[in-house]
Structure formats: structure tokens, C-alpha cells
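Heads up: the structure comes next, in C-alpha cells.
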Amino acid sequence: MSDAGSDLRSRLLRLESRFTWDLKREHMDLEGLSTRLQDHIDLGFGQRGAVERSYSYLAYVRYLQGRPEEAASLLSQSEEKTRECFGEESERRLIVIYGDRAWLSYHTGDFTQSDKYWRRVEDILVKYPTGSPTVLHPEVYGEKAWTFLKFSMLYYPKAIDCFLKALELQPDNSEWNAGYAIALYRTEPRDPETSLTAEESPVVKQLRRASEINPDDGVMLALLALKLSSYKKHQEAESLMERALEISPDCPHVTRYAAKYLRQQDQVDRSIDLLKRALQRSSQSAFIHHQLAHCYKTKKIALLNKKPYNNKEMQRWRRLCIHHLKEAVRLKPSFIIAMAELALMYAEDKDMSRAEEMFQALEMSSEKDESNRPFVHLHYGQFHQYHTKKEDLAITHYTKGLLLTPETSEGKRCATKLKQIAERRLSRDAADDEALGLLGLVSRAEGDRRRAVEYYEKALECDLDNDQYLSALCELRLDLQ
């Protein structure tokens, strides 16, 4: 590389750009991102500036896909539409776009054009100084935060950090408050902490804050309704969801959240109608297909509880569930939850080889993302317990899921499954040492060491020389001293 090229690169490395934010290709589902971003651009929904940002996101995806000319065109459109959207306030929002254009030009060998965009960034920074070289403009923090939030769940903690920094500079900005609320909503466990009330929940507090700043944000209202519903605040949740649908009747995000809410309230048919209408506007939404699959699964379970039930109707709901799960996985190949549910549905449909193949692939892929492993082990355990009837393999997977994350909903469900298996076995044989050992393991994982000691002592009475029980018992007694 020439001295000029080396100097340019060193200057570019100091730019705030998606090219300098350590966005790793292996952390992203490029095809799924591409589909969702194009869908977002075509629909034109979202907060002020959301569509303009989508052009920039898609430009970076196109660069990673080896399509630099399309990337350049998309960045040009992003710049143009940002100017149209924000007018005189657009310059600070162009810092990242110009950084991206400088890097893209550099990678395509156009050093002159790259230097031109670098100088444009410098001009903006001189015109709008932050007062400190370590502090960025809130628009840049916001752009980083939205990018992290959009590109991968692995970057959600970074998104939260960037939104907080933007809020330190502009605490009443509706965009940063909404983004921070969404990031918190996505990172909070599915089951709310039982020790917290709704009003103590950080997510609820932030959703309320964002809704107060912008009362016409239907997405914030819908998310707040869903979260309050999980805390059993049904009356307020219903009122908020009705208002969200009134404000944003055509927004697919609001529609799908409303449909999820209705399903949770046992209004499955209304949920299906809403989701079908949303699918007409947003046909490439894996989320909508996944929610439809859950609706049909709910219909299937309701039918199963009727004795006797119509086999043809049961098959109809099962096939619809499989269809929508397949679509969700096709549109978003990294959708681990939908893949695990699809594998179980294949097993229910007696396609055991396909189900086993999917679970093996899921187990391999979950090794890369530990957050998905408990969910995969839970479903793999259910596959063996209910479909292959290989209880030992079911116990192996439930145990792995429990020990990985005993406090999560998946870990607790694994614990429940293990208890059920152990108690059933003990009802047949009170001296079943393996069942007693399982109860000891579950009690230990749940933090009840004294009960765990009791179970392991009983297990040792049945199998005096079991090293595993002896080791566990010694460790527990040391902990209790």
C-alpha cells in the first residue's frame, strides 16, 4: 500500500462508521436482514428517520454480500432521504453516512472519493464540536445503537449502552427513549421477575417514559400493553392496546404485537385475522409467520382437550402450524426458537428422521450462541420424552438445560420435567436411586442445598458405592458448613 493509502486508512479508522464498529459477518443473518430491511423500506413505516436508516443498514449488508455498487447507491439514497426528512438538522445525522461512504470508496479503490467523504465528516465535526474528543454527538450514539439493535441480538448490550449515552446528552429525545425502551424489552427475560411489581420493572418504566414523551407512538403503547399483561395488569393493557390500534391501524409492528396480545388473552380467532391482514402488507415477516404458527398450535391444543376430537381438523391445524414455522425459518434461518418448534411439530407429524436431523443441527448451532442452548435442550428433551420414548436421552437434555441457566424460564421448565420423571419413577419404585439423584440435582440447582442433601443421602442408601452421589454430597455439606 502506498504512503497516501496508508495515511488515508489511518484517518478512516478514526471515523464513526459501521465499518469501524466491529460488526462481524458471522454474527449476522445477511439474507434475513436483507429481506427485512427491504420490506421495511417498501412499507415505509416506523419512527421519523427509521426508513432513512434502513437504506444505510441495507447498504452495509450489500457490501458484506459483495455488491458494492448497490451499497453505494443505497448510501446515496440514505443521504438524500435523510436531508429530506431532517432538513437543516440533518448534518450531524450524516456523520455516519459519510463515514460509510468514505470506507466503501476506500474498499473499492477510489481513494480520491474516500478522502472527499472523510473531509465532509471533518467539516461537520469542526462546525459542531462536542467539547471533548471522547464524546460523540447524540445522533451518532443513536445511529450506533439502532445499528446494534438491528443487526444481531448479540449486540443488544452495546445498543443499550449507546442509547444511554445519547440520553445523557438529550434526555427528552423521543427517538432515543423509544430505542432504549425497545432494547430493554428485548433483553428482559420472557418471564418477569416475581420479586418486582410492574411499576418497579425497568422496562415498564422506560416504556411509560417513551409513551409520555410521544403519546402517538403506537409501537410503544403496544409493547407496554404486552409487558403489563405479563404482570397481570389486564385492564390497563387492554386499554393501551386498543389505543395503539386506533393510532396505528396499518402499522405491521403494532398489528403483530396486538395479535400476540390477543392470543395470550385466548382471543385466537381475532389474533389470526389481525395477523393475516398484517401478512398481506408484510409478507416477508418471520415474526408474523411465527405468531400465526402459535395461533394454530393453540387451536390444535384446544381441540386435543376435546374428547373425542376430529382427526382431520387436528391434522389441519398441525399442517398450518408446520407451514408457518417453515416460512419463519425460511425467511430467518437463524430463528432458533422457530426451528426447535418446527422440529417438534415434525415429530408430532411422525417425521422422526427430519426432526432428529433438525435437532442435531440446532445443537451444533447453539454451541455458537449460549443464550439459545437451554431452549434447544428443553425441546430436544421433549422430543425424546414424548416421541422417541428414550427417557435417558430426555433426562440428559433436560439436565443440560437446567444446569446452563437454572433461573430462566427454560431452566425452570427443564427442572419441572426432571421432577415429573423422577416422581413418576419413585411412585413405581421408592428405592430408585437414579430418580432420587435427579431430585437432588434439581434441588441443588434451585439453591435448596438442605433438600438436595436429603435426596442424595437417600440415593446413597440405595446405591452405597455411587461416586457421583458421594461427590455431590461432600460438596453440599462443605457449602452448608
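Express the C-alpha Rg of segment 1-107 as a ratio against the empirical globular expectation 2.2 N^0.38 Å, rounded to two decimals.
Rg over 2.2 N^0.38 Å, computed on Cα atoms: 1.10.
In µm²/s, what is D for segment 245-320 at 4 °C and 1.567 mPa s, where D = kT/(6 pi eta Rh) by Stokes-Einstein and Rh is the Kirkwood radius from Cα pairs?
For the chosen part, D equals 101 µm²/s.
What per residue convex hull volume, in Å³, do the alpha-carbon atoms of segment 102-232 yield?
139 Å³
Fewest first, what order do E313, E52, E26 take by the number of other Cβ atoms within 10 Å?
Ordered from fewest to most neighbouring Cβ atoms within 10 Å, E313, E52, E26 come out as E26, E313, E52.
Give me the Debye-computed log₁₀ of I(q)/I(0) at q = 0.15, 0.17, 0.20, 0.23 Å⁻¹ for segment 361-481, equal point scatterers on Cα only, no solvent, two decimals.
-0.68, -0.85, -1.08, -1.26
Below 8 Å between Cα atoms, with a sequence gap of 6+, how large is the relative contact order for segment 342-424 in percent?
About 21 percent, as a whole number.
Quick one: of K297/K417; K158/K276; K165/K400, which pairs are farther than 31 Å apart, Cα to Cα?
Flagged as over cut-off: K158/K276; K165/K400.
How large are Rg and Dmax for segment 80-122 when calculated on the C-alpha trace, in angstrom?
Every Cα atom of segment 80-122 included, Rg and Dmax give 11.0, 32 Å.
Regarding the chain, what is the average projected area of its C-alpha convex hull, in nm²?
That works out to 28.7 nm².
How long are the three semi-axes of the equivalent ellipsoid of segment 188-249, in whole Å, if each is the root of 5 times an eigenvalue of the C-alpha gyration tensor, listed from largest down?
20, 12, 9
Just how many % of Cα pairs in segment 155-216 lie over 18 Å apart, if you round to the nearest whole percent?
Distances greater than 18 Å cover 34 percent of the Cα pairs.
For n ≥ 4 DSSP H runs only, could you compute -39500 (n - 2.57) per run for the chain, divide by its residues and tell me the 222 nm figure to the nearest 500?
-24000 deg cm²/dmol
Provide the net charge surrounding L480, with neighbours chosen by a C-beta distance below 9 Å and charges set as Lys +1, Arg +1, Asp -1, Glu -1.
Its environment carries a net charge of +2.
Scan the chain and report its longest stretch carrying no trypsin sites (Lys or Arg not before Pro) that are both in a DSSP loop and have at most 13 other Cβ atoms within 10 Å.
Within the chain, the longest run free of exposed trypsin sites (Lys or Arg not before Pro) spans 49-189.
Give, in nm to one decimal, the length gained when the segment between K389 and L478 is fully stretched (0.36 nm per residue of separation minus the Cα-Cα distance).
28.2 nm
What FRET efficiency, computed as 1/(1 + (r/R0)^6) with R0 = 22 Å and r the Cβ-Cβ distance, is obtained for D216 and Q265, rounded to the nearest 0.05?
Efficiency at R0 = 22 Å is approximately 0.35.
How much space per residue, in cubic angstrom, does the convex hull of the C-alpha atoms of segment 51-109 take up?
Dividing the Cα hull volume of segment 51-109 by its residues yields 61 Å³.
Throughout, read-outs are computed from the coordinates displayed, never taken from laboratory work. For clarity, every value in this text was computed on a predicted model and none was experimentally measured. Backbone-built Cβ (ideal geometry, glycine too); neighbour counts: all protein chains shown.
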